[in-house]
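Some notes on the structure that comes next.
The values are calculated or read from the model by the stated rules, or taken from the named source; none is laboratory data. All values reported here derive from a predicted model rather than from experimental measurement. Note: ideal-geometry Cβ built from the backbone for every residue, glycine included; neighbour counts use all protein chains shown. Quick note on the areas: whole protein, heavy atoms, side chains included, nothing else; ligands and nucleic acids left out. Shrake-Rupley method; radii C 1.70, N 1.55, O 1.52, S 1.80 Å.
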Amino acid sequence: PSGRVAAALNEAAGLGGLEPVTSFQAAIKANPNLLSSYEHLISALKSADTVDNELVHATAKEGFALRQSQFFIREMAYSLAELGRDEEATVFLDGLIANPPHDEGEAHAGVTPSQAELHKTKACILADKEDWKGAYEAISQAKTILPDDAEIEGILKEVRKQHFGPYLVELKVPELMEELVSELLLSKPADPRAHLIAYLAKEVEAKDDKA
């Protein structure tokens, strides 16, 4: 940390042997413009045996007023969701998606990585309440912005499985895929795509004849 940050943290840590939460609250009171103190306070609150999500949200909101960083945005949204205020959290994120804040170093035009983070946060909140359709739409938007992001890809795979899983099972798609893979392994065609198209055409024809 910078000299100012280190000094504030040392001051907080040395305030009469107080607990971390109380220490960082004192640091904020001593210097309310130091962003690091808000971040450390949130981390301390979330490390407690019982998380005070109201206080996490209030602290994140105060930090957000100083700087609209992804950290404070995430903590505001997640704490709202933990409080059962999911709709309020998604409305908050939708407003930022429509008019996104720009992190330092980002161009102030066009789609930015910070927008992908907003979509990702929204997807996680929707997934937690098992709104798989909404989560899939949100994480797909994030994937469009950052197509090579490994974390987004991992979330997308899980949400896709949950969203489309019942449909695939109902239509026995996993069994069909296993059958097609077995056919390829047995036949080992030079053109797998053409072979499978022909194979499926024969299957459809055979079913039509039986009908």
- Task: Residues being farther than 23 Å from Pro32 by Cβ, charged (D, E, K, R) and modelled with pLDDT of 90 or more: count how many of those fall in segment 42-101.
- Result: 6
- Message: For segment 162-186, give me each residue that is polar (S, T, N, Q) and touching a helix residue (DSSP H, G or I) at 6+ places or on another chain (Cβ under 6 Å).
- Response: Gln162
- Task: Could you please tell me which pairs satisfy a Cβ distance under 7 Å, a separation of 6+ or placement on different chains, a first residue in segment 19-32 that is farther than 17 Å from Asp49 by Cβ, and a second residue that is open to solvent by 60 Å² or more (accessible area, probe 1.4 Å) and assigned to a helix (DSSP H, G or I)?
- Result: Ser23/Ala13; Phe24/His40; Ala27/Glu11; Ala30/Glu11
- Task: Look at segment 104-146 and say how many of its residues are open to solvent by 70 Å² or more (accessible area, probe 1.4 Å) and at pLDDT 90 or above.
- Result: 7
- Item | Residues (among the acidic types (Asp, Glu) and under 19 Å from Thr112 (Cβ atoms)) located in segment 136-152 | Asp148, Asp149, Glu151
- Item | The lone exception for Thr59 - which of (1) more than 26 Å from Pro113 (Cα to Cα); (2) in contact with a Leu (Cβ under 7 Å, 6 or more places away or on another chain); (3) of a type in the set (Ser, Thr, Tyr) it fails | (1)
- Message: Out of the residues in segment 33-46 meeting the condition of being in contact (Cβ under 8 Å) with a residue 12 or more places away in the chain and open to solvent by 60 Å² or more (accessible area, probe 1.4 Å), tell me which one is nearest to the chain's Cα centre (by Cα).
- Response: Glu39
